[in-house]
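This report refers to the structure that appears directly beneath it.
The values are calculated or read from the model by the stated rules, or taken from the named source; none is laboratory data. If you're wondering where the values come from, they're calculated on a predicted model, not measured in any experiment. Cβ placement follows ideal geometry from the backbone for every residue including glycine, while neighbour counts extend to all protein chains displayed. Side chains are part of the model used for accessible areas, which takes the heavy atoms of the whole protein and leaves out ligands, DNA and RNA. Shrake-Rupley method; radii C 1.70, N 1.55, O 1.52, S 1.80 Å.
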Amino acid sequence: MSMNADQIAAYERDGFLVLEDFVDQRACDRLRARAEELVREFDPAGVVSVFSTHEQTRTSDEYFLASGDKIRFFFEENAFLADGTLRQSKERSINKIGHALHDLDPVFDQFSRTPKIKQLVSDLGITEPLLLQSMYIFKQPRIGGEVTCHQDATFLFTEPLRMFGLWFALEDATIENGCLWVIPGGHKFGLKSRFVRAEGGGTRFEVFDDTPWPEEKLQPLKARKGTLIVLHGLLPHLSRENRSPGSRHAYTLHVIDASSDYPENNWLQRSAEMSLRGFESCPE
Ligand SMILES: O=C(O)CCC(=O)C(=O)O
């Protein structure tokens, strides 16, 4: 077991768990260096796709919709000047990379499939794990965009719901640079919406409950580099803008169970040639 009974009980009660020093500092640095290399090699000519937490259906272009089995780059909303050119270098303009880093890049694969993560996933009750989605989030200095309050199951729904997110702090996450905020126990509210592929193309939200989140209950989760935060798929969480002079890099991995149904209208899909994988290739 990598988690004790108290930790599992806390996760079930609160919908999240903070595990300090889960990853060693060198592994964090290796991942950062690899992400920086990927951005250096990325040629943005002709592929400007923005991640906007406010306008997700509008920014669901083909580049985004086909990214479930690729390594693709999304810009910060505030990265551009009025004439459409970048305010600063592309290295300081990318919001995130997604969504199959863990399957396509050896460094990300190695970081994502360790015996420790495999054990944690098993302790959390996932018996047939599949690594569905990965994102490298930069939260760039000064222009790092906010991520509004949401449940990850809105985007990555399974029936029955067996899904959680693993959020790794690759640098210290603070209130100033845009750490995560959560509503403890909020995973018991039920699913408020689903983000699905629309019949005529693009995406839409299917809303089940449009009451606002009780944001007065939000609590910040400051996290030192190397910390893993486990987020229940139904836990409401957000991150605020980063107006500080430093970045706040994080890596997230979402795990589902093969025994649950993964609907065909979930926004994130893979081509038949690249099926999802679990921890089969993980070293013992
Ligand atoms: O890292 C962040 O700023 C937010 C990430 C998040 O909420 C998510 O990916 O679901």
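Quick notes on this structure:
- Candidate set: the range 85-131, residues that are loosely packed, with under 15 Cβ neighbours inside 10 Å and in contact with a helix residue (DSSP H, G or I) (Cβ under 7 Å, 6 or more places away or on another chain); chosen: the one farthest from Arg270 (Cα to Cα): Arg87
- Against the criterion of being at pLDDT 95 or above and of a type outside the set (Lys, Arg), Leu156 qualifies.
- Subset of the range 49-84 (residues that are out of contact with any Pro (no Cβ under 9 Å at 6 or more places or on another chain), modelled with pLDDT of 85 or more and open to solvent by less than 30 Å² (accessible area, probe 1.4 Å)): Phe64, Leu65, Ala66, Ser67, Gly68, Asp69, Phe74, Glu76, Ala79
- Within the range 19-36, if we keep just the residues that are in contact with a helix residue (DSSP H, G or I) (Cβ under 9 Å, 6 or more places away or on another chain) and charged (D, E, K, R), the residue that is nearest to Lys222 (Cα to Cα) turns out to be Arg30.
- So Leu231, is it among the aliphatic types (A, V, I, L, M), buried (at least 21 other Cβ atoms within 10 Å of the Cβ) and in contact (Cβ under 8 Å) with a residue 60 or more places away in the chain: yes
- Filtering Ile137, Ile143 for residues that are more than 10 Å from the ligand (Cβ to nearest atom) and touching a residue at least 12 places away in the same chain (Cβ under 8 Å) leaves a single hit, Ile143.
- Number of residues in the range 34-54 that are over 19 Å from the mean Cα position of the chain (by Cα) and in a helix (DSSP H, G or I): the value is 3.
- Test: residue in the range 79-92 that is in contact (Cβ under 8 Å) with a residue 60 or more places away in the chain and either of a type in the set (A, V, I, L, M) or assigned to a loop (DSSP other than H, G, I, E, B) (or both): yes
- Just one of the listed residues (Leu276, Leu253) is open to solvent by 20 Å² or more (accessible area, probe 1.4 Å) and hydrophobic (A, V, I, L, M, F, W, C), namely Leu276.
- Test result for Ile175, within 16 Å of the ligand (Cβ to nearest atom) and either closer than 21 Å to Leu31 by Cα or in a loop (DSSP other than H, G, I, E, B) (or both): yes
- Some residue of the range 151-161 being free of Cβ contacts under 8 Å to residues at least 60 places away in the same chain, out of contact with any Lys or Arg (no Cβ under 7 Å at 6 or more places or on another chain) and surrounded by fewer than 16 Cβ atoms within 10 Å (Cβ to Cβ): no
- One residue alone among Ala33, Ala27 is open to solvent by 10 Å² or more (accessible area, probe 1.4 Å), farther than 30 Å from Arg194 by Cα, in contact (Cβ under 8 Å) with a residue 40 or more places away in the chain and of a type outside the set (Asp, Glu), and that residue is Ala27.
- Residues that are outside any strand (DSSP E or B), in contact with a strand residue (DSSP E or B) (Cβ under 6 Å, 6 or more places away or on another chain) and not hydroxyl-bearing (Ser, Thr, Tyr) within the range 55-78 comprise Gly68, Glu76, Glu77, listed in sequence order.
- Taking the criterion of being closer than 25 Å to Glu20 by Cβ and in contact with a strand residue (DSSP E or B) (Cβ under 7 Å, 6 or more places away or on another chain), the residues of the range 250-284 that qualify are Ala250, Tyr251, Thr252, Leu253, His254, Val255, Phe279.
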